[in-house]
Amino acid sequence: MKTIVTATLLMALAAGPHAYGQWQKVPDKSIPRTSSGEPDLTAPVPRAANGKPNLSGTWLPDVDPPPEGELFVEVDQPFPRHIIDIMADLKPGEVEMTPWAAALFEQRLERGDLDSPIANCKPWGVPLLTANIIPYKIVQMPDLIIILNEQDTVFRQIFLDGREPVDDPLPRWMGYSTGRWDGDALIVDTTGIIEDSWLDAIGHPHSENLHVIERFRRRDTGHLEIETTIDDPDAYAQLFTYTVTAKIMPDDDLLEYFCTDNELSIEHYQ
């Protein structure tokens, strides 16, 4: 059976693409240049003062063909496939949902956009934000990484100061993230993600005990890879992993953007 992804679910993206040229472009001194002055995106990974890869920069997720068997209506725009279906790389039945999660997922498919946080201009959650087609900016410090998202102008903190994950955290859209370095990979553990968030645009659910494990790797100057593992035994019988990639936006920066400034659909859901 084919899944239909309706346009209103993604209009927050299509209606507000990143507008280039609004800020003055200032050459980023951390990015090597070719002899012609162009950014050298294949140059070796830039390093921070402590020798760790420097993940700082403005990044834009790569787009993919849509998952096989899924249709788009009204919107003819490519998106990262994991924004549509977090299981796009898996074979059917490879990961089994628990009964309550399967029932909720079917309900969301039947109701389409009506309950979608995206379509209702609610915040995006972790890990869906890293698959968004709107840019984000990583600001790296020795004990803290901040991810600034152009989508709804929200931020995420990743603590690198050795603190332990919070026991029984207050649920939040961004969750609570702690990180550590494993060689050149940044390992990020996130818990405390609010159950109202969806893992993807078609509505894969999660429980309050969701544990997201991300491995950030900067392959070279211009390319970032985020391997994400979903660990939620209350909703899925097996762990599963997928990878999103992003490309640096040299000399560019974020703009202010709020879904509510472009929202035209909620009145039709009543």
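Are any residues in segment 171-190 more than 24 Å from GLY51 (Cβ to Cβ) and either buried (at least 21 other Cβ atoms within 10 Å of the Cβ) or among the aromatic types (Phe, Trp, Tyr) (or both), and if so, which ones?
TRP173, MET174, GLY175, TYR176, THR190
With respect to HIS206, determine if the residue is buried (at least 21 other Cβ atoms within 10 Å of the Cβ) and either β-branched (Val, Ile, Thr) or closer than 29 Å to MET97 by Cβ (or both).
So HIS206 passes the test.
Within segment 46-61, the residues that satisfy the criterion of being more than 11 Å from GLN140 (Cβ to Cβ) and surrounded by 17 or more Cβ atoms within 10 Å (Cβ to Cβ) are THR58, TRP59, LEU60, PRO61. Based on what the data block shows, is ARG156 surrounded by 15 or more Cβ atoms within 10 Å (Cβ to Cβ), among the charged types (D, E, K, R), farther than 16 Å from ALA246 by Cα and free of Cβ contacts under 8 Å to residues at least 40 places away in the same chain? For ARG156, the condition - surrounded by 15 or more Cβ atoms within 10 Å (Cβ to Cβ), among the charged types (D, E, K, R), farther than 16 Å from ALA246 by Cα and free of Cβ contacts under 8 Å to residues at least 40 places away in the same chain - is met.
Laboratory data are not the source of any read-out in this text; all were calculated from the coordinates shown. Fair warning: this is a prediction, and the values are worked out from it, not measured in the lab. Methodologically, a virtual Cβ is constructed for each residue, glycine included, from the backbone with ideal geometry; neighbour enumeration extends over all protein chains shown.
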